[in-house]
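The values are calculated or read from the model by the stated rules, or taken from the named source; none is laboratory data. On a predicted model such as this, the values are computed, not experimentally measured, just so you know. Note that each Cβ is placed from the backbone with ideal geometry, even for glycine, and that neighbours are counted across all protein chains shown.
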Amino acid sequence: MKIRTPIINTERETRIFFWFMTLVLVAMSLWAIVAQPEMQQPWRLGIFVLLMSAHILLHWILRVFAERPGWLIWYMLLQGGLAIALVYLSKDIGIAFAVSMALVGEAIGVYGITRRGFLAMAYYLILSLGFYIWVSGTTQVGWWLLGALPMVIFVVIYVEMYTRQSNANERAQALLNELEAANRQLTNYAEQVEDLTIAAERQRMARELHDTLSQGLAGLILQLEAANAYLESGRAEKAHQIIQNTMERARTTLADARRAIEDLREPSTPDCKDILQGEVARFSASTGIPCTLEIDIPQALPANLCDTMQRILAEGLANIAQHARAAHSQVIVSAQNRTIQLEIRDDGQGFDPKTIPAGHYGLIGMRERIELAGGTMEIESRSGQGTSIVVRMPIP
């Protein structure tokens, strides 16, 4: 059975309670010593002071007994024996009342308003009645009842109110500790979210840089290399044409970079079909690789989804230009059952999708974008048989 110990568990209130009880016991002891000359005999006075000191000390160390419930019965018996000895030495009604009422209050404080609490209180009340009868005789029992019953009622009410207040304080402290722990946990979560946000933002910026400046510069390098080859072979007219395309590609890359910056500041709602058609047209014009486009999608698509499709298409076409050595390419865009599918095909040399060389961040960026959009990507490719990339993403 769990024992309630509010009076001995709240440190500040415990001191107040026991200091009050100690002052009452000391005051009653001094009154008994002054009022009764026989109490001033050295041997009687010495024994009385020693027993009263032991009685008060046991009150102060009640915590030790309460932490071991099996010891409480010995505590009550010992305190009862000390009370009998003190009343026997003093033969004073005040000592009898002070000692017994303090123990009654302590019993209720330890056990609460429970069966054990009432049994302990009854034990001390029987001792108190016995003290009164021994000191004053049976004819004065009525006076004992008149004094003891109001005192017991007062003590029970006081201790119960005190107990509830102490329990409320403990619950409030426990809630405060929980709130502090929750606050620390929320702070840790906030720091983790901030770190994740920063990491996600860095990945996003890396994708934006790759999909705009990196792809654009790679295309410019390819075109300039082609122009240089034509110049070395004496085909200045063809080189001039490529340089004109390169200049147009440079302007397009600059426009893409500016558009990406503007989208970061204030997202726009572009026409997705026009954007995809423009991407395919730029690819064919800059590389000379024919690319057929089949597109059947709703006119109104979310800007984020459209941007993701454009970046994926641009990366797929850039890979064809740089690595595939393809003669033809094809792009098919369709929508069905709230899912949009983007397929990029070429008839180039193909590769092993399981062994992508290090430093090829384009496919990594594509996968990241697709995963963020909640989609999937499948790559089919064999050596000499071209490549097919199929991307499926849900339409919000």
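Taking the range 295-308 as the range and being of a type outside the set (Gly, Ala, Ser) and not in a helix (DSSP H, G or I) as the test, the residues that pass are Ile295, Asp296, Ile297, Pro298, Gln299, Leu301, Pro302.
Among the criteria (1) among the hydroxyl-bearing types (Ser, Thr, Tyr); (2) surrounded by 17 or more Cβ atoms within 10 Å (Cβ to Cβ); (3) farther than 24 Å from Ile16 by Cβ, the one Tyr88 does not fulfil is (2).
Of all the numbered requirements in (1) surrounded by fewer than 12 Cβ atoms within 10 Å (Cβ to Cβ); (2) under 36 Å from the mean Cα position of the chain (by Cα), Met161 misses one, and that requirement is (2). Gly374 passes all but one of (1) within 25 Å of Cys272 (Cβ to Cβ); (2) assigned to a loop (DSSP other than H, G, I, E, B); (3) more than 40 Å from the chain's Cα centre (by Cα); which number fails? Looking at each condition in turn, Gly374 falls short on (3). Test Asp347 against the criterion of being more than 40 Å from the chain's Cα centre (by Cα), among the acidic types (Asp, Glu) and surrounded by fewer than 17 Cβ atoms within 10 Å (Cβ to Cβ), and give yes or no. Taking the combined requirement at face value, the residue does not satisfy it. Scanning the range 218-231 for residues that are free of Cβ contacts under 8 Å to residues at least 40 places away in the same chain and touching a helix residue (DSSP H, G or I) at 6+ places or on another chain (Cβ under 9 Å) yields Leu220, Leu224, Ala226, Ala227, Asn228, Ala229, Tyr230, Leu231. In the range 323-340 there is at least one residue matching the filter, namely being in contact (Cβ under 8 Å) with a residue 12 or more places away in the chain and part of a helix (DSSP H, G or I). Taken together, the residues in the range 101-115 that are touching a residue at least 40 places away in the same chain (Cβ under 8 Å) and in a helix (DSSP H, G or I) amount to 9.
Taking the range 60-98, which residues are among the aliphatic types (A, V, I, L, M) and touching a residue at least 40 places away in the same chain (Cβ under 8 Å)?
First pass over the range 60-98, keeping only residues among the aliphatic types (A, V, I, L, M): 61-62, 64, 66, 72-73, 76-78, 82-87, 89, 93, 95-96, 98.
Hits for the range 60-98 are Leu62, Ala66, Leu72, Met76, Ala83, Ile84, Val87, Leu89, Ile93, Ile95, Ala98.
Condition check for Arg311 on (1) in contact (Cβ under 8 Å) with a residue 12 or more places away in the chain; (2) in a loop (DSSP other than H, G, I, E, B): one failure, at (2). Residue check: Gln336 meets all listed conditions (1) touching a helix residue (DSSP H, G or I) at 6+ places or on another chain (Cβ under 9 Å); (2) farther than 25 Å from Gln244 by Cβ; (3) modelled with pLDDT under 90 but one, namely (1). Answer yes or no as to whether Leu57 is assigned to a helix (DSSP H, G or I) and at pLDDT below 85. Answer is no for this residue. The residues on offer are Thr22, Thr5, Thr14, and the sole one that is among the hydroxyl-bearing types (Ser, Thr, Tyr) and at pLDDT 80 or above is Thr22.
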